[in-house]
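A quick write-up on the structure given underneath.
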Amino acid sequence: MEIYCDNAATTALDPEVIEAILPFFTATFGNPSSTHWAGRKVKDAVDDARKTVAKVLNASAEEIYFTSGATEAINLAISGAIETYDINHVVTSKIEHKAVLQTILQREKAGDIETSFVKLDERGNVDLYHLENLLRANPQTLICLMHGNNEIGNLTDIHAINKLAQRYDSIFFTDTTQTIGKQWFDLSQTTIDFLVGSAHKFHGPKGAGFIYINKKHRIKAQIFGGGQEKGQRGGTENVTGIVGLAKALEVAYRDLEANHNKICKLKQYMVSKLAISGVHGICYNGESHSLENSLVNILNVSFPCLAAGSLVKSLDNLGIAVSGGSACSSQGSSHVITALPCQKDKENIRFSFSKVNTFDEIDHIVRAIVGIYHTDPVAHNSYSRFHYELAN
Ligand code: PLP
């Protein structure tokens, strides 16, 4: 039996998405920049996809630009804003995705900016007072703070941050890769400057994403070419990816409530099963245990009696795919967990669910963990050590 419980890394393609993109692999193959009938047909499909994305997010179609994924969109938002507005100060946090942290680091190494890291509380939540102090000291900052954390699931109050951005004449980019398709957005009601999405996180194809650029901006492109995407991003459009992205997003918002409720129940079920599993010392990282303050699809767990690295491998040997952190940081310990203050146990496992997971699969995963715990000689030694440490 194979179980996939790593949906924050990527998700399975939705059958409705496959159906929508198939014609663009066969009969409808033109280049959207061609002016003849074959090009026009495909250009119409790309335009329709842009309108669909704009409609579900309540943005305007002119504010949506397609990219190869969230990483590229993030690079465009950060570097584009820095270059366009001569920004010399960026505020971010140590638990952002590497696409954000590495882009900022490169700009810092090039001498373009200075970086400040906002303080986080022990569960990884942004300290808004500290953020305000940083902005007061450095107005006209670029703020790069994510909406939903891909490892511990923490949700950030992006509207509160946006108010601070406005108060201190700053620009706000939020990495919404994990929340697009899972949370409602009404972009007509916010002045957030940039946000991003990636189709493969919401049952669309890999290699397709978008950036929302608030209509008050036009930023310097980072990929130059034939002037596609109104000059914001050169390169022939990934038509199947774009059509698939729009269909996946449409389906995600059509079914959002039902999927949210189902996934909430899966998470609660797993927590209740782990509580009676007999595996000692289980604790939850960040806010992932909470249904309100965290993405409902992410549960980040420490098993102090089991080495997380070997638990991921043992589960994999049993056909269960989970992750020790994010897929991109699967080597070495997680920079997110390491950045959490007071985090005693640095090893962690991320279970991440989607609409296709079932309660039977959760039963199977918990049974597998219990089996590994009982057969692992180290677990019992650790159990005694764990209680010894607690008692002392
Ligand atoms: N930002 C976050 C929060 C993510 O979870 C990911 C993917 O794991 C990315 C950015 C990068 O997305 P992509 O795979 O589309 O480049």
Query raised in the report: Looking at G244, is it on the phi > 0 side of the Ramachandran plot and either within 16 Å of the ligand (Cβ to nearest atom) or buried (at least 18 other Cβ atoms within 10 Å of the Cβ) (or both)?
Result: no
Query raised in the report: Can you name the residue in the range 162-215 that is among the aromatic types (F, W, Y) and out of contact with any Pro (no Cβ under 9 Å at 6 or more places or on another chain) and is also farthest from the ligand (Cβ to nearest atom) among such residues?
Result: W184
Query - Meets criteria (closer than 18 Å to D6 by Cα and in contact (Cβ under 8 Å) with a residue 60 or more places away in the chain) for N317 - result: no
**Report entry** Of all residues in the range 58-84 being part of a loop (DSSP other than H, G, I, E, B) and within 15 Å of the ligand (Cβ to nearest atom), the one that is surrounded by the fewest Cβ atoms within 10 Å (Cβ to Cβ)
**Finding:** S68
Query - Filter result (over 13 Å from A9 (Cβ atoms), assigned to a loop (DSSP other than H, G, I, E, B) and either acidic (D, E) or at pLDDT 90 or above (or both)) within the range 321-357 - result: D345, E347, K355, V356, N357
Query raised in the report: Among the residues of the range 276-317, how many are over 24 Å from F202 (Cα atoms), of a type in the set (A, V, I, L, M) and out of contact with any Ser or Thr (no Cβ under 8 Å at 6 or more places or on another chain)?
Result: 5
Query raised in the report: Which one is farthest from the ligand (Cβ to nearest atom), of the residues in the range 145-161 that are assigned to a loop (DSSP other than H, G, I, E, B) and without any contact (Cβ under 8 Å) to a residue 60 or more places away in the chain?
Result: D157
Requested in this report: Inspect the range 42-49 for any residue being more than 16 Å from the ligand (Cβ to nearest atom) and more than 20 Å from G226 (Cα to Cα) and give the result as yes or no.
Outcome: yes
Report task. For the range 1-16, name all the residues that are in contact (Cβ under 8 Å) with a residue 24 or more places away in the chain and away from the ligand (no atom under 16 Å from the Cβ). Result -> M1, E2, I3, D14, E16
Report summary line: Going through the range 155-186 in order, the residues found to be touching an Asp or Glu at 6+ places or on another chain (Cβ under 8 Å), under 25 Å from T10 (Cα atoms) and surrounded by fewer than 24 Cβ atoms within 10 Å (Cβ to Cβ) are L155
Requested in this report: Sort through G226, G231 and tell me the only one that's more than 13 Å from the ligand (Cβ to nearest atom) and in contact (Cβ under 8 Å) with a residue 24 or more places away in the chain.
Outcome: G226
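Does T191 meet the test of being hydroxyl-bearing (S, T, Y) and free of Cβ contacts under 8 Å to residues at least 40 places away in the same chain?
Spelling it out, T191 is indeed hydroxyl-bearing (S, T, Y) and free of Cβ contacts under 8 Å to residues at least 40 places away in the same chain.
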Report summary line: When V42 is run through (1) of a type in the set (A, V, I, L, M, F, W, C); (2) surrounded by fewer than 20 Cβ atoms within 10 Å (Cβ to Cβ); (3) touching a residue at least 40 places away in the same chain (Cβ under 8 Å), the failure sits at (2)
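The values are calculated or read from the model by the stated rules, or taken from the named source; none is laboratory data. Given the structure is predicted, the values throughout are model-derived calculations rather than measurements. When we count neighbours, we look across all protein chains shown, and the Cβ atoms used for this are built from the backbone with ideal geometry, even at glycine.
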